[in-house]
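Report on the structure given below.
The values are calculated or read from the model by the stated rules, or taken from the named source; none is laboratory data. Quantities reported herein were computed from a predicted structural model and do not represent experimental measurements. A quick note on method: Cβ atoms are made from the backbone with ideal geometry, for glycine too, and the neighbour counts reach across all protein chains shown.
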Amino acid sequence: MPRRRPISTETSQLYATSTEFCRVFKENMDNMHLLSFLLTADLAKAEECFVSGLDDCGRGSYVFRNWARSWARRTIIQNAVRMLAPRANCSAVIAVPSETLNCKFGRTPEADTTIASILGLEDFERFVFVMSVLERYSDQDCAVLLGCSRQDVREARMQAFLHVAESDKLRAESALDSNAHEQTQTREAQMVPPF
């Protein structure tokens, strides 16, 4: 087996250390945990994915220091793919959830609604949506990480957009119905003569 040249001090300073990866995870904990949760759609699995991502990065990877954050996010994605093994299933049609999932990850109610819409997607669609739309991975990168074709990625992304839009539409209609009901009750209460 050929011997490796020792890495010079100058060269080793270009690479992120395990301490730097720990700092990246600490500084971006909320965002990276949200990424884990959006991929796994389960809080326990999200925590496991996050912790194993930190562990994998902490073991030492020869990654340029400037790439540490994106490498950490990619490691979380790879762990989530290994955990859930999402596969393209063109025949699977899922119903858009009619009730709002209780989700308090976002900074605003609108963000929580969007997160709930994403969590309502089928596994493969959710992975494609998070990777290609939120993380901005190319179709080729998504296909390689998910073990599918670029066509599968494109089709899943389109289905995800349709499901998210339909889910948002149902929530908006539900909110309008709720507001209309409250306004009707308020008007009726104002019309009732006091005794």
Qualifying residue in region 48-56 (condition: aliphatic (A, V, I, L, M), modelled with pLDDT of 85 or more and surrounded by fewer than 16 Cβ atoms within 10 Å (Cβ to Cβ)): yes
Some residue of region 81-90 being modelled with pLDDT under 85 and either in a loop (DSSP other than H, G, I, E, B) or in contact with a strand residue (DSSP E or B) (Cβ under 9 Å, 6 or more places away or on another chain) (or both): yes
Pairs, first closer than 20 Å to Ser52 by Cβ in region 63-92, second in a loop (DSSP other than H, G, I, E, B), C-beta under 7 Å, six or more apart: Val63/Ala16; Ala68/Ala16; Arg69/Asn28; Trp71/Ser61; Trp71/Val63; Arg73/Glu135
Of residues in region 1-32 being part of a loop (DSSP other than H, G, I, E, B) and at pLDDT 70 or above, the one nearest to Glu135 (Cα to Cα): Asn28
Residue count for region 137-152, restricted to those that are hydrophobic (A, V, I, L, M, F, W, C) and either touching a residue at least 24 places away in the same chain (Cβ under 8 Å) or outside the structural domain of Phe124 (by TED's automatic domain parsing) (or both): 3
Single unsatisfied condition, Tyr62 versus (1) in a loop (DSSP other than H, G, I, E, B); (2) exposed (fewer than 12 other Cβ atoms within 10 Å of the Cβ); (3) at pLDDT 80 or above: (3)
